[in-house]
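Visitor: Quick one: the structure is below, questions incoming.
The values are calculated or read from the model by the stated rules, or taken from the named source; none is laboratory data. Bear in mind that the values here come from a model prediction, so they are computed numbers and not experimental data. As a convention, Cβ positions derive from the backbone with ideal geometry for all residues, glycine included, and neighbour counts pool all protein chains shown. The area values use the complete protein model at the heavy-atom level, side chains included, leaving out ligands, DNA and RNA. Shrake-Rupley method; radii C 1.70, N 1.55, O 1.52, S 1.80 Å.
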Amino acid sequence: MFSRVITLLGNPRTWTAIAMTILVLAVYRPVYTNQYLYHDDWLHCLGPKFNCHAKPTYSWTLLAGRPVGGELLCAAYSLFRSSDQAGFPRLLVVFSIAAFALLQFRYFLAVGLDASMAGAFALGVSMLPCMLVAGFWLGASFIVFSFIAASIAAELCRRATLSGSLPAVARLICCAIACEFSGFLIYQTGAMYFWAITACTVTIVMRDGRLREAVRTAGVFAIAGSTAMVSYLVWFKYLHGYAAALQAAEPSRGTMFASLTVNLRWFVTDALPRAGTLWIFDTDSPPPLGVAMIVLFVAMMLWFTGRIVRQRTGVERMIALIYPAAVIGFLLAGFSPMLATDFRLPVYRALASVSTILFITTVIHVSAVLPSRQWPVRIHWIVSGLFGAGVCYVAGDGLQRLMVTPAAAEYSYVRTAIWEAVQQEHKPERIEVIPPTRYYNPSTDEIMTLSAGFPQDIVPMISVLAREFDWEVPATSIVMLGSGQATRAPGTLVIDFNDLARGGLWEAFRNAPTWVAFSPRNKLSDRPYAFFGPIDVQARYESNGRLTARYTTDGTLPTKESPALGGYVGLGSSALLKVRFFENGWPSGRVWAAEYVRLDEPGSSSVASHGGEPAKLLRADVQSGDRLELDVYDGNDGFEYDHADWGGAAFSCGAEDIYLGSLT
């Protein structure tokens, strides 16, 4: 066993897999460390006490033929009770993305790629914009599992091509069909990633000169994939029961062949160029770089095919001539607009398969035409490392700047407004909302688009956040207004999303400190820090220099009028210390808190005791109080084994003792 571990640790593939996993977790870190919900996430009420299955997004998943995806969606929402706890299910999604990357890495190794290229491709696929969106947007998180199902189906097909037993081949193909069918039930366009793997596998086999094996590979994959597609379409149209309702809700569905010339022109001039830019996160429409990618894809495929045709004769030459048509067929199958939720909407999640085919097959063609396989291994690792670093930088920057920062700032802004309203003696009876006059709105529906840009998301956002503070806000009391139309009458809360831009909150939130450290405080528990006499509490933090830290000691939320934090806060009595950061008067980031209890303040009595010591007498004057609390603190030396036996605890009223044990 030990020798096997040593062997694994000495294998470059093991270190590549470890490095790839670490990179995925690092790039996706903003997803599970920031606080926010996004877009139609707000349409779901949160926590197990709410019925996810009664919500419109779940109903839509059924209508669109994604029942398993709907169940996964509700499972994700059952894992947290308030919006600021959404990081945990996102972390699980990120681990699923890492598992998908490892599956791809293992698969590319199995079909003949070296570890450096396999790792680079797997890392790139795991950081396509559709994957970033799935990790960032809980409502789309289940898409990851459709990609995983497609990857498993592809692995089963690969094993079927290697099996020499016909019954074994049949069993493997049937399992692959079942797995791919389950991917359709999760998310159709994600399951179409199966065709991207098919095209890449056939291209790799062709590159290695195994032309006859390429025919068998293409045949097995085509049988499994097309059978799963046809089975799903039959189920959806005749057994699902919602096909007519979906057609009424989306008249564009099923119209692909109604105007084939127009749709084909749209696919070539709009969808394909956009797909060609997904590995570099370009959002222009139509992107010139995407057009260049398409030209390179076609040129390298023809060059690669021509080279094989010149070298082979007979049947193998015929196979080489058919190869470009097969790749184009897999590319069209990978898009399959008739299965997409929105036909003729070139969103990232619908273009992932096409993008993967364009990029990976082009790189493989280039590696075959150039003598790259004769290069030193060190060169391979350098090139792959540079590619991986570039992918991580572009993906990480896009994820933070275009997705997480706007959504987290929006969440922080609305939550702060709700909290300040709750602190008032009389809660507002009316909430006036002014949607942004300028908000990010690119040509896709998934990047840089704030929830505030969708009126149907604003009402549930406010309702959910208010409910977390025990404030039930009727939907009828939330009024949508245009810029300059707010009445600002007494008893009215105004939430003007244009203040996000005016106050620079997006930038402030991105640059906010990620931690505040209080000292002294309990290091081993969340219990309050107990102290005798006045103390000075130090609050250490890092900031970008433009932020001002403000604090309160009475448990209320710091405002722009609260005292500025100078490094130390003097406490002479029990306090709940809260710190928050401001830029240009606007709150930025989360609230940091620590509780302190003074044991010798008036009206209290305390004594320190340790194991093995005799019982000690504790007296307190309670004549002026109306509440008695008996608390045990850890003495600031760790909470292990801390407890108290209140032997003979009693009230002394003159000559009479009233024991607590006799009270009911």
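Visitor: So which residues in the stretch 265-282 are closer than 20 Å to T356 by Cβ, of a type outside the set (G, A, S) and either in contact with a helix residue (DSSP H, G or I) (Cβ under 8 Å, 6 or more places away or on another chain) or modelled with pLDDT of 80 or more (or both)? If you could, list the steps in order and put the result at the bottom.
Guide: From the stretch 265-282, those closer than 20 Å to T356 by Cβ are 267-268, 270-282; that's our starting set.
With the extra rule that they be of a type outside the set (G, A, S), the set shrinks to 267-268, 270, 272-274, 277-282.
Once the filter is applied, which keeps residues that are closer than 20 Å to T356 by Cβ, of a type outside the set (G, A, S) and either in contact with a helix residue (DSSP H, G or I) (Cβ under 8 Å, 6 or more places away or on another chain) or modelled with pLDDT of 80 or more (or both), the stretch 265-282 yields F267, V268, L272, P273, R274, T277, L278, W279, I280, F281, D282.
Visitor: Filter the stretch 521-539 for residues that are at pLDDT 80 or above and surrounded by fewer than 18 Cβ atoms within 10 Å (Cβ to Cβ) and give the result.
Guide: P534, I535, D536, Q538
Visitor: While we're on this one: Looking only at the stretch 575-609, how many residues end up being among the acidic types (D, E), under 28 Å from T33 (Cα atoms) and modelled with pLDDT under 80?
Guide: Final tally of qualifying residues: 1.
Visitor: Let me ask something additional. Of the residues R81, R90, only one is surrounded by 17 or more Cβ atoms within 10 Å (Cβ to Cβ), charged (D, E, K, R) and either in a helix (DSSP H, G or I) or out of contact with any His (no Cβ under 9 Å at 6 or more places or on another chain) (or both); which?
Guide: From the options R81, R90, the qualifying one is R90.
Visitor: Any idea which of (1) touching a Phe, Trp or Tyr at 6+ places or on another chain (Cβ under 9 Å); (2) surrounded by 18 or more Cβ atoms within 10 Å (Cβ to Cβ); (3) among the aliphatic types (A, V, I, L, M) is the one V111 doesn't satisfy?
Guide: V111 satisfies every listed condition except (1).
Visitor: What are the residues in the stretch 112-129 that are of a type in the set (A, V, I, L, M, F, W, C) and not in a loop (DSSP other than H, G, I, E, B), if any?
Guide: Scanning the stretch 112-129 gives A115, M117, A118, A120, F121, A122, L123, V125.
Visitor: Closer than 17 Å to L37 by Cα, open to solvent by 10 Å² or more (accessible area, probe 1.4 Å) and at pLDDT 80 or above: does that describe P460?
Guide: yes
Visitor: Here is a list of conditions, (1) open to solvent by less than 10 Å² (accessible area, probe 1.4 Å); (2) within 24 Å of S82 (Cβ to Cβ); (3) at pLDDT below 75, and Q423 meets all of them except one; can you say which number that is?
Guide: Result: Q423 fails condition (1) only.
Visitor: Taking only pairs six or more apart or across chains, which ones have beta-carbon atoms under 8 Å, a first residue in the stretch 307-331 that is farther than 15 Å from V205 by Cα, and a second residue that is open to solvent by 60 Å² or more (accessible area, probe 1.4 Å) and in a helix (DSSP H, G or I)?
Guide: If the second residue must be open to solvent by 60 Å² or more (accessible area, probe 1.4 Å) and in a helix (DSSP H, G or I), the pairs left are V309/R317; V309/L321; V315/R212.
Visitor: Follow-up. Of the residues in the stretch 352-403, how many are assigned to a helix (DSSP H, G or I) and open to solvent by 40 Å² or more (accessible area, probe 1.4 Å)?
Guide: So the first thing to find is which residues in the stretch 352-403 are assigned to a helix (DSSP H, G or I), and the list is 352-369, 372-374, 377-403.
Those still in the list that are open to solvent by 40 Å² or more (accessible area, probe 1.4 Å) too: 359, 363, 366, 373-374, 377-379, 381-383, 385-387, 389, 393-394, 397, 400-401.
Total meeting the criteria: 20.
Visitor: Is it the case that the stretch 315-338 has a residue that's outside any helix (DSSP H, G or I), touching a helix residue (DSSP H, G or I) at 6+ places or on another chain (Cβ under 8 Å) and at pLDDT below 85?
Guide: yes
Visitor: Let me ask you something else. How many of the residues in the stretch 557-586 are assigned to a strand (DSSP E or B) and closer than 18 Å to E420 by Cα?
Guide: Qualifying residue count for the region: 9.
Visitor: Consider the stretch 157-171. How many of its residues are among the aliphatic types (A, V, I, L, M) and open to solvent by 40 Å² or more (accessible area, probe 1.4 Å)?
Guide: 3
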